[in-house]
Amino acid sequence: MSERPCIEVRAVSKTFRDDGRAVQALADVSFTARSGEFVTIIGPSGSGKSTLFNLISGLTEPDTGEIMIDGRPVRRDTGLVGLMPQRDLLLPWRTVLNNVILGPELDGVSKRAARRRAREMMPLFGLAGFENAYPDTLSGGMRQRAALLRTFLTDRDILLLDEPFGPLDALTRRELQRWLLDIWHRFRKTILFITHDVEEAVYLADRVLVFSARPGRIVKELTVDLPRPRSSISLLSEDLRRLEAELLEALEGNGPASTPERVESDPDGS
Amino acid sequence: MSTLLTRPVARRWQTLFQDVTRALVLVVVGGLALTMFVTGTAQLVREATETKNLSLEDIFPSPRAIAGAWQAHQDLLLQQHIPQTLWETLAGLSIALVLGLVIAALMDFSTVLRWILYPILVVSQTIPIFAIAILLILIFGFGTGPKIMVVVLFCFFPIALNTFAGLQGADPELISLLRAMGASSFQTWTKARLPAAMPSFFSGLRIAATYSVVGAIFGEYITAQYGLGVYLKRSYSSFRLDQAYLAILLTALLSMLLVLLVNLVERLTLRWYYTARRASWRGPGIY
Ligand SMILES: Nc1ncnc2c1ncn2[C@@H]1O[C@H](COP(=O)(O)OP(=O)(O)OP(=O)(O)O)[C@@H](O)[C@H]1O
Ligand SMILES: [Mg+2]
């Protein structure tokens with residue numbers, strides 16, 4: 001694992017405004033990720049995690065601060081990273097196969113070659129036999145897997161995965177976690193991975209970033225010094241449990257109630 | 001609810017004012033519509049009962065009379081009038097289709113063009129076509145041109161407007177995702193906006209198809225040598241209501257066939273849309 005910073009987020013804040021109401025999503029967030037590092041991000045709902053991904057992928061710009069990828073400021077340059085959004089966002093008019101080759105297609109790769117590669121991956125994602133199905137006829141978990149495959153096939157060195165395994169069953173989840181760790185290791189990807197699952201956050205990561213409730217800031221950075229490959233360690237191991245407990249503590253110390261609300265009316269209606 | 005109480009007093013009065021205004025406007029508009037409906041219907045009934053100079057048989061000829069008219073004029077209709085009307089309809093509809101798509105695309109691409117084109121679009125629909133028809137004859141002569149133009153005028157509006165709405169209605173998150181994947185604006189257009197607009201485009205096309213035959217007949221009615229419109233006009237001037245009904249029936253038939261054609265093409269191209277809507281093996285529900 002090289003020490004070169006691959007993603008650098010420097011003092012980034014972001015506030016959303018619409019008609020007189022301001023919601024601060026991110027407040028002074030700074031961190032770096034080295035090339036080939038696996039960083040998981042965990043934090044309460046509404047703490048600006050997805051917003052951070054939008055900033056890194058160049059869809060919006062931060063109010064203050066700067067984001068660098070491979071030493072170059074991102075600003076509004078899109079297409080540098082592979083983004084898997086929280087909603088699957090498959091194109092409803094395309095079959096599963098044509099959905100997952102969207103990335104290479106946009107990059108100008110021949111559709112035939114892209115399809116061949118995609119077909120090979122289908123069984124691993126449990127999508128074999130559904131190549132020609134439309135997304136609307138799939139289950140929620142299958143759609144999520146298709147979206148993950150699409151992100152993987154975009155072939156970017158940096159992957160931003162927003163709760164990719166949220167709606168999956170425990171078994172598929174575990175299988176895909178192993179697969180993800182495997183391709184991460186084999187292809188030397190840099191991965192930022194948002195999750196709400198404490199165990200998943202520790203199991204996958206080199207480092208866990210804990211976000212506070214809105215406005216999101218990083219309240220804890222936890223280095224996970226468990227041996228790799230992770231599949232070799234027992235899920236009941238002491239170290240794993242200790243790290244999970246530490247993480248939970250950091251999360252609980254920053255529950256939604258303890259953070260002062262900066263907005264005059266809560267947009268979540270809670 | 002607690003947010004309502006903590007709001008400043010001025011804001012609360014403002015919301016109250018807005019609620020009252022909304023209720024008032026709704027009551028006035030609703031009342032007006034109801035009054036117009038009642039008085040309008042009364043007017044219709046009165047006038048219909050007052051004018052009773054034609055017998056019922058004259059107004060509604062028997063099916064046999066209509067069949068007789070068909071037998072008498074079959075060759076003429078099949079060889080001259082119907083092909084002429086059909087040609088005008090299809091030519092006009094095709095031009096309207098291309099024109100509508102181009103206008104929708106231009107309005108979608110640039111805000112400036114939207115500001116310019118939208119009023120023109122609306123105004124083009126408020127001008128009485130009859131007034132324009134004379135102008136068209138001056139431009140295109142007495143041939144088929146003016147009729148095709150009338151069909152275009154009738155048809156491009158629903159296509160342009162519906163397609164534009166469809167293009168604008170594309171899921172913004174989907175477009176954001178494509179941008180995040182590095183798509184150019186042309187790519188987001190062809191791969192997300194245009195496919196998303198297809199269902200709306202087809203409902204516009206369906207409306208246009210129903211208008212198109214009527215448009216052609218309208219054009220022919222003003223002046224023409226051949227066409228169902230001319231046939232209709234001649235039938236009326238010679239008080240042959242059986243023939244007039246035949247013309248009306250044929251017009252309806254042609255319109256219906258066109259709509260069916262549009263439906264067929266829609267089914268074939270929007271397979272995804274219909275699998276999503278009637279996933280028969282799954283039944284209704286949210287998955
Ligand atoms: N476009 C926007 N306009 C206004 N407010 C926004 C916008 N996008 C996000 N927000 C607000 O910013 C805050 C952070 O949103 P974000 O989606 O980043 O949260 P999150 O950490 O991803 O939450 P979750 O875990 O529920 O996905 C929320 O309070 C949200 O209401
Ligand atoms: Mg989120």
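Within segment A:129-229, considering only helices (runs of 4 or more DSSP H) that don't extend past its boundaries, which have at least 2 residues that are within 16 Å of ligand 2 (Cβ to nearest atom)? Qualifying helices (runs of 4 or more DSSP H): A:140-153, A:198-204.
Taking the criterion of being within 26 Å of A:Asn54 (Cβ to Cβ) and at pLDDT 90 or above, would at least one residue in segment A:124-140 satisfy it? Taking every residue of segment A:124-140 in turn, at least one turns out to be within 26 Å of A:Asn54 (Cβ to Cβ) and at pLDDT 90 or above. Looking at segment B:144-223, the helices (runs of 4 or more DSSP H) lying wholly inside it that each contain 3 or more residues that are of a type in the set (Ser, Thr, Tyr) sit at B:194-222. Is one or more of the residues making up segment A:88-108 within 20 Å of B:Arg193 (Cα to Cα) and within 16 Å of ligand 1 (Cβ to nearest atom)? Within segment A:88-108, one or more residues are within 20 Å of B:Arg193 (Cα to Cα) and within 16 Å of ligand 1 (Cβ to nearest atom).
With respect to the conditions (1) open to solvent by 50 Å² or more (accessible area, probe 1.4 Å); (2) within 14 Å of ligand 2 (Cβ to nearest atom); (3) without any contact (Cβ under 8 Å) to a residue 60 or more places away in the chain, A:Asp63 lacks only one, and its number is (2).
Scanning for something at the interface with chain A (Cβ under 10 Å from one of its Cβ atoms), in contact with a Pro (Cβ under 8 Å, 6 or more places away or on another chain) and open to solvent by 20 Å² or more (accessible area, probe 1.4 Å), does segment B:180-195 turn up at least one residue? Looking for residues that are at the interface with chain A (Cβ under 10 Å from one of its Cβ atoms), in contact with a Pro (Cβ under 8 Å, 6 or more places away or on another chain) and open to solvent by 20 Å² or more (accessible area, probe 1.4 Å), one finds none in segment B:180-195, hence no. On the stretch given as segment A:194-214, residues that are away from ligand 1 (no atom under 14 Å from the Cβ) and either crowded, with 22+ Cβ neighbours inside 10 Å or of a type in the set (Gly, Ala, Ser) (or both) total 5. Does segment A:159-170 include one or more residues that are under 25 Å from B:Gly182 (Cα atoms), acidic (Asp, Glu) and free of Cβ contacts under 8 Å to residues at least 40 places away in the same chain? Checked segment A:159-170: no residue is under 25 Å from B:Gly182 (Cα atoms), acidic (Asp, Glu) and free of Cβ contacts under 8 Å to residues at least 40 places away in the same chain.
With respect to being within 14 Å of chain A (Cβ to nearest Cβ) and open to solvent by 10 Å² or more (accessible area, probe 1.4 Å), B:Arg206 falls outside the description. Within segment A:73-108, if we keep just the residues that are more than 12 Å from every other protein chain (Cβ to nearest Cβ) and within 15 Å of A:Ile7 (Cα to Cα), the residue that is surrounded by the most Cβ atoms within 10 Å (Cβ to Cβ) turns out to be A:Pro73. Evaluation of A:Ile42 against the conditions (1) touching a His at 6+ places or on another chain (Cβ under 9 Å); (2) among the hydrophobic types (A, V, I, L, M, F, W, C); (3) outside the structural domain of A:Glu246 (by TED's automatic domain parsing) shows that the sole unmet condition is (3).
Kindly state which strands (runs of 3 or more DSSP E) lie completely within segment A:1-72 and contain at least 3 residues that are farther than 26 Å from A:Ala250 by Cα, away from chain B (no Cβ under 14 Å) and within 9 Å of ligand 1 (Cβ to nearest atom).
Passing ranges, in order: A:5-18.
Filtered by the rule that a residue be surrounded by 19 or more Cβ atoms within 10 Å (Cβ to Cβ) and within 14 Å of chain B (Cβ to nearest Cβ), segment A:109-134 gives A:Ala114, A:Phe130, A:Tyr134.
The values are calculated or read from the model by the stated rules, or taken from the named source; none is laboratory data. Every value quoted in this text rests on a predicted model; they were computed, and no experiment measured them. No Cβ is skipped: glycine too gets one built from the backbone with ideal geometry, and neighbour counts run over all protein chains shown. For the accessible areas, the whole protein counts, side chains as well, though only heavy atoms, and no ligand, DNA or RNA atoms are used. Shrake-Rupley method; radii C 1.70, N 1.55, O 1.52, S 1.80 Å.
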